[in-house]
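The values are calculated or read from the model by the stated rules, or taken from the named source; none is laboratory data. Quick caveat, the model's predicted, so the values are computed rather than measured. For neighbour counting, all protein chains shown are included, and Cβ atoms are generated from backbone atoms with ideal geometry for every residue, glycine included. For accessibility, only protein heavy atoms count, side chains too; no ligands or nucleic acids. Shrake-Rupley method; radii C 1.70, N 1.55, O 1.52, S 1.80 Å.
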Amino acid sequence: QVQLVESGGGLVQPGGSLTLSCAASRSIYGIYDMGWYRQAPGKQRELVASIARGGSTNYADSVKGRFTISRDHAKNSVYLQMNSLNAEDTAVYYCKAALYELQYWGQGTQVTVSS
């Protein structure tokens, strides 16, 4: 089992940047596939970006070229660098760790893009 804690959300102006962090309670190296998801009001939770155990990454079309997922094994952490933010990026952002059928979620962090 692994606990996940997200941080770094907040209010940012359109065009601005934020970096989200997800700290895991145990080592994720070579074990978990990690992902960032988001859920806007009235919408389903959707995948934003993922990084597999082997290091391959995947992004939603809506964030390609703007968001970057990365990880630091020494800190048991995964990050989401978000640039050129717009109002459509407003959502609660969740971190997920997956090991086959097991899935663990963080509590989420709010990102609001508004002037």
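Surface exposure of the chain, expressed per residue as accessible area with a 1.4 Å probe, stands at 52 Å². Given the stretch 1-63, report the % of alpha carbon pairs whose separation exceeds 13 Å. Considering the stretch 1-63, 73 percent of its Cα-Cα pairs are separated by more than 13 Å. Accessible area of the chain with a 1.4 Å probe: how many percent of it is carbon plus sulfur? That share works out to 47 percent.
Tell me, what is the FRET efficiency for Ala74 and Leu99 to the nearest 0.05, using R0 = 25 angstrom and their Cβ-Cβ distance as r?
0.80
Set the Förster distance to 30 Å, then compute FRET efficiency between Ala23 and Lys43 from the Cβ-Cβ distance, nearest 0.05.
Values: r = 26 Å, r/R0 = 0.88.
The value I calculate is 0.70.
Using Cβ point charges alone (K and R +1, D and E -1), the dipole size of the chain about the Cα centre works out to roughly 140 debye.
Report the full-extension gain for the segment Ser7 to Ser84: residue separation times 0.36 nm, less the Cα-Cα distance, to one decimal in nm.
Working: separation 77, 0.36 × 77 = 27.72 nm, distance 1.92 nm.
That works out to 25.8 nm of additional length.
Size of the chain: Rg and Dmax of its alpha carbons, in Å, are 13.3, 41. Each pair of Cα atoms in the stretch 56-115 enters the Kirkwood radius, and Stokes-Einstein at 20 °C and 1.002 mPa s then converts it into a translational diffusion coefficient of 162 µm²/s.
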